[in-house]
Amino acid sequence: MIPSRRYTENRVLAEQNLTHDTIPCLKDSVVRFQGTTRIHSCTLSKAAVIEGISFTAGSIVGFNDEGRLWRCRISHDTVIQGMPCGKETEIELNRSGKLIMCTLSKNCDVQEIPALAGTTLFFHDMGTLFKATVSRDVIIDGFSILSGSDVCIHDNGKLSSFNLSQDTIIHDIPCLKGTRVWLNKNGHLAGCTLANDIIFYSRKYLKGDLLVIAADGRSINIHTSPESVRQFANGNIQGRLLEKEEAIHGVPCMADTWVWFHENSQISSCHLFETTQIDGITCRADTRIYFHENGRLLRCFITADALIQQVPVQSDTFILFHENGSLSACRLSKDYFYRDIICRAGTWIVFHDNGALKRCFVREDTIKNGITLRAGSWACFHRNDVLENCKLTEDAVIQGIVYKAGDVLLFDETGWLAETIRNPLE
C-alpha cells in the first residue's frame, strides 16, 4: 500500500481542495504530513506536473523524507521517463528521482529487452534494468530465453537469471529448456537444471538434477536432486519429468519438462509441444497449460485475438476458465457490451461461472442500481447482476446517506448497502 506509514506523523481530511507545497490536494481525501509542514502524500485534485512527471487528477502522490517524489499511484496510463506505465498501478522512484518500479501498459522494448504488458519492471538505482518479463522468445547475450519468463540482470549489465527456451550448453554444463539458469556477475554459470547425465568433478549427476556451482566454478556449493517422479501420500503420481514428447490424457506435452497431476490422477498442467485445441479453445504451442480436477481447461495462452463465448479476447496474456467450462477472466481486445454496461478494451474482465459479469472497467458513465459509475472506474457485480461493490468517484447520497468520493460501497444481492469502507487510503 502507498504511502508507507513510517514517515507519517499526522494526517488530515481535506475539507476543500487545497494546495500545499504546490501540490493540489483533493477535497475529502486524506492528506498526510511528515512532521507538521512537509507533505507526505495526497490525492491530486487536478492535473499536475511534479518533478517533470505529468499526473492526472485522482493520482495519489507520495514523497520521501527529503520531499522528493517516491511512490505514487497513477490513475491513467502515463509515460514516465520513457516507460509506458499503466493506470491504477504504482510507480516508485529512488532518491535521485530515477524510476525504479513501473507496471507496463503495453508491450515495449526496455533497454533492448522485449517486456510484456501488465508486468512490473524493476530498475537498479542507477537506472539500468534489474527485472522484466519477456513478451516473446528472445536471444540475449547469446542465450535463448523463454517467452513469459522473468529476466534478471546484475547491476553491471550482465544477465543474472532467466528461463531457457531450448536445451543449452553453458560452460560445458547441459542446461534443460524451460528451466531457470543463474549466472554470476562475472558471467560464469551459478546453477541450472541438467538436460543430461554428467560427470562433474568426479561425481555423477543425473538429468533433472539442480546443479548449483560456487563462484570459483570448481566446487559444488549446494546440490539438490529432484526425483524424475514425485508422488502424493496416497501413492498417485503428482508429477514426472518427461524424457520425450508424450500425449498425456490427449494433451501433447513437451519432452524434458514436468507434467503435473491432481490427486485424482487427472492432468493438472504440462508444457505444450504443439498448438492444440482443447474444449474448443486453440492453445498456443510452447506454453504451459492448466486443468481443473474434473479435466476441464483452467488456463492457457491462445494463438491470436479471438471471440470466445462471445467475448473478444486479447492474446497477449493468458485466459482463465471455470470448472464448468465458462470463461472466467481475460483481457479484452475490444470494448465488450454486457447488457447496459460497456467494458473497456485492453482491460481485464471477470465473469461468474453462470456467465454473469463479475468485474470490469466501465467504458462510459453508467448508472447501475442508482449509482453513477464513471468512465474508467471499476465495478463488481453479484451473480444476479446486482452491483456488489464500487469506489465512488464523487460525493453521492445512497439510500438516504451521504457518502464521499473515495468511499468503497459493498451491497448484498438484493442491492441493499451492507458495508462501507470510508477513505480506504487512510
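The values are calculated or read from the model by the stated rules, or taken from the named source; none is laboratory data. Quick caveat: nothing in here was measured; it's all calculated off a predicted structure. Cβ sites come from the backbone with ideal geometry, for glycine too, and all protein chains shown count toward neighbours.
For Ser45, the conditions (1) surrounded by fewer than 21 Cβ atoms within 10 Å (Cβ to Cβ); (2) of a type in the set (S, T, N, Q); (3) in contact with a Leu (Cβ under 6 Å, 6 or more places away or on another chain); (4) closer than 28 Å to Thr317 by Cα are fulfilled apart from (4).
Out of Arg344, Arg359, Arg363, Arg383, one residue alone is of a type outside the set (Ser, Thr, Tyr) and out of contact with any Lys or Arg (no Cβ under 9 Å at 6 or more places or on another chain). It is Arg359. Residue pairs whose Cβ atoms lie under 8 Å apart, sitting 6 or more positions apart in sequence or on different chains, and linking a residue in the range 261-282 that is not assigned by TED's automatic domain parsing to the domain that holds Asn234 to a partner that is in a loop (DSSP other than H, G, I, E, B), do not occur here. Note on the range 329-341: residues that are under 21 Å from the mean Cα position of the chain (by Cα) and surrounded by fewer than 19 Cβ atoms within 10 Å (Cβ to Cβ) amount to 3. Scanning the range 329-375 for residues that are of a type in the set (Lys, Arg) and touching a His at 6+ places or on another chain (Cβ under 8 Å) turns up just one, Lys358. When the range 299-322 is filtered for residues that are surrounded by fewer than 19 Cβ atoms within 10 Å (Cβ to Cβ) and free of Cβ contacts under 8 Å to residues at least 40 places away in the same chain, the ones remaining, listed by number, are Arg299, Thr303, Ala304, Asp305, Ala306, Leu307, Ile308, Gln310, Pro312, Ser315, Leu320, His322.
When the range 74-88 is filtered for residues that are under 20 Å from Gly127 (Cα atoms) and surrounded by 15 or more Cβ atoms within 10 Å (Cβ to Cβ), the ones remaining, listed by number, are Thr78, Ile80, Gln81, Met83, Pro84, Cys85, Gly86. The residue that is farthest from the chain's Cα centre (by Cα), counting only those in the range 402-415 that are assigned to a strand (DSSP E or B), buried (at least 17 other Cβ atoms within 10 Å of the Cβ) and of a type in the set (A, V, I, L, M, F, W, C), is Phe411. Considered as a group, the residues in the range 343-352 that are crowded, with 17+ Cβ neighbours inside 10 Å and more than 18 Å from His76 (Cβ to Cβ) include one that is nearest to the chain's Cα centre (by Cα), and that residue is Ile349. Do we have Lys46 as modelled with pLDDT of 85 or more, more than 30 Å from Phe143 (Cα to Cα) and not in a strand (DSSP E or B) here? Answer is yes for this residue.
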